[in-house]
Structure formats: structure tokens, C-alpha cells
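One structure below.
Since every read-out is calculated from the coordinates, none of them should be taken as a lab result. Keep in mind it's a predicted model, so treat the numbers as computed, not measured. All Cβ positions, glycine included, derive from the backbone under ideal geometry; neighbour counts span all protein chains shown.
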Amino acid sequence: MPASSLDAGLAGLKRAVIQGARQGLDQEAEALGSRAAQGGGFQNVTEAERGSTVAYVPGTSDDVLSEAAALVEGRNPGFSQVESAGSYDPDTEVLVVLTAPTTYAVDLETRNGGADAALGPALLAGADGLTRAAADGIRGALR
Amino acid sequence: MLNTAAIVNAQFSAPAASAPLVAALGAGSASIISAQRLGRDPLPAVPLIAFRQQPTTGASYDMRGVVCQWWVYDDPAHGTTRINPILALLEAAYPRTSITHCHTEVSGIGAEVYDSALGLIGRSCTITSYTRG
């Protein structure tokens, strides 16, 4: 086998792994977002915060974030906030973002030692499920 | 069956057994509290540390992580100059084999935050004790 064919095959394998992980995580992200939206201090969390709590895979389901930000603007005008938290290489990395695009999400996550936190505990509880979903997606892509 | 309560109790008790850590707190061991008291009761002298139990990860047949968080708080006037050494002492209070049948490690240190409810500067320290249920 020529080296060029081997290189092309390995590159294709890498693409399949990344794509499979992305698909698997995209399926799990919705469940993760739903669980997070059910957490937090009930009395201290706005409907905008709860309704806009979402998880998505950048590059696959970005519309989820824009819809969440629009929901916040509809409920609490002026309190939506979307910030980039850094960069990643879409050819070699797959991300899941769990967030609520409000100006006060960080405050809710941290005040009183995280008493009203929803994102952090949901991510802790869902980490194994995300790993499993990525592995299942990769397995499906390689069949 | 996984004895979560015993592991959580051990996680909570570890800092009080560390003399350097207790000495670094505002009111000694009285400055070690449950996070449930934050925002409800008068707080002991700062720096203080507050314990919060987090979700236990993993299905029952997997390696599971029993997770807790310590929130280290201090007066904003001190910034993190006293908080950061306490974080190091917290980490030292949890040798990997310190909790029976678990592999324990510091799995995260949070960024500095201003707690708007308490008026204090804080950072979190996440401890995970891995074990098989």
C-alpha cells in the first residue's frame, strides 16, 4: 500500500472518529440541558434562566444557543449575554457547552457556595453519560 | 453497596484533622462549616471553608465518583492572598489513599469569584473520591 493511501485512510479514520463523537454528544446534550434546567434553587432562578439553560455541540447545534439567548431577551430584556470562552480546533476536538446565556448565570452558580447552582452539578452528574455518548457515537461511525 | 454517607463524612472530616489548615482559618475549626449555613446563619471569622456535597457520578456497576466541594471564603480586602495557601493545605489534606476503599484526588480548583450574597471573595476546591459500588 502506498504511503499516500495510508495517510488518506488514517485521515479518514480521524474524521470519522470526530464526526461520530460529535453526533453522539449532540444526542446526549439535549438530555443534559434538560436535567440542568430542572436543577438549581427553585425560588431564586428566573424563568429566563431556567428556560434558557441548554447544552449544545458547537458546529453542530449552535442554533440552540441563539434560541436560548432570544428567549432571555424575550423574558428579561437586556439580560442576555453570550461570550466566547476560548477557541478549539474542530478537526481534532469536540466540545459540549452547557450554559444559560444570562448576565447573572455566573452569580447564580457561585453565590452562597453554589446554593443555587444548576450547571455545575448537572455537568458533574452527566459527565459519565457524555463520555458514554461520545464512545457510542464513535462506535456507530466506525461500523 | 456504595457507602456514600461514610465517604462524605470522611471528606468533611479531613480538613479538621490538618493542624496547619485549621491554624490558617479565622476561628480555627469553628471556621469549618456546612455550605447550608451560608446566607442563613451568622458566619464564623474568615477565612472560612464551607462544605457542599455534589452529585455522585456513575452508574452502580461503574467506577463511581463521590464528589464534594469546599468553598474557601475571605474578606475582599485580602484578595486571594490567604485563600490560595488554604487551597494548597486543602489539597494536602486529601492524600490519595486517605479515604478507605477510595482513590481520592483534587479534581478541580475554581476561579476567584465575588459572592454577591455574602460580600466575600471565594474559590472552590472540588474533591472526588473514586470507588466501585
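Between B:47, B:118, B:66, whose Cα lies farthest towards the positive end of the dipole of region B:21-133 when Lys and Arg beta carbons carry +1 and Asp and Glu beta carbons carry -1, centred on the Cα centre?
So the residue we want is B:66.
Calculate, in whole percent, how much of the Cα-Cα pair population of region A:73-143 lies beyond 21 Å.
47
Determine how many Å³ per residue the convex hull of the Cα atoms of region B:60-108 encloses.
79
With the calculation restricted to Cα positions, what are the radius of gyration and Dmax of region B:1-122 in angstrom?
Over region B:1-122's Cα set, Rg and Dmax evaluate to 14.8, 48 Å.
Among A:53, B:31, A:101, whose Cα lies farthest out toward the positive end of the dipole of the protein assembly as shown, if unit charges sit on the beta carbon of Lys, Arg (+1) and Asp, Glu (-1)?
B:31
In deg cm²/dmol and to the nearest 500, what is the mean residue ellipticity at 222 nm of the protein assembly as shown if only DSSP H runs of at least 4 residues count, each as -39500 (n - 2.57), divided by the residue total?
When only DSSP H runs of four or more count, the value is -13000 deg cm²/dmol.
Over the Cα atoms, compute the radius of gyration (one decimal) and Dmax (the largest Cα-Cα distance, rounded to a whole number) for region A:1-115, in Å.
Rg and Dmax of region A:1-115, Cα atoms, are 18.2, 65 Å.
Taking 8 Å as the Cα distance limit and 6 or more residues as the minimum spacing, I'd like the relative contact order of chain B as a percentage.
It comes to 26 percent, rounded to a whole number.
With the contact rule set at Cα under 8 Å and sequence spacing of 6 or more, what percent relative contact order holds for region A:1-84?
23
If you line up the long axis of helix A:105-114 against the longest principal axis of chain A, both from Cα atoms, how many degrees apart are they, to the nearest 10?
Roughly 70 degrees, rounded to the nearest 10.
For helix A:3-37, report the angle its Cα long axis makes with the longest principal axis of the Cα atoms of chain A; keep it between 0 and 90° and round to the nearest 10°.
Tilt relative to chain A: about 20 degrees.
Taking the Cα atoms of region B:77-133, what is the range of coordinates along each of the three principal axes, in descending order and whole Å?
For region B:77-133, the Cα extents along the three principal axes come out at 42, 21, 14 Å.
Assign unit charges at the C-beta atoms only (+1 for Lys and Arg, -1 for Asp and Glu), then state the dipole size of the protein assembly as shown relative to its Cα centre in Debye, rounded to the nearest 20.
Magnitude of the dipole: close to 900 debye.
Given Cα positions, please report Rg to Rh for the protein assembly as shown, the hydrodynamic radius being the Kirkwood one.
1.03
Between 0 and 90 degrees, rounded to the nearest ten: what's the tilt of helix A:119-142 against the longest Cα principal axis of chain A?
That works out to roughly 20 degrees.
How large is the Kirkwood hydrodynamic radius of region A:1-67, in angstrom, based on all distinct alpha carbon pairs?
Taking the inverse mean of 1/r over all distinct Cα pairs, region A:1-67 comes out at 14.4 Å.
Could you please rank B:22, B:67, placing first whichever residue has the fewest other Cβ atoms within 10 Å of its Cβ?
Least crowded to most crowded, the residues run B:22, B:67.
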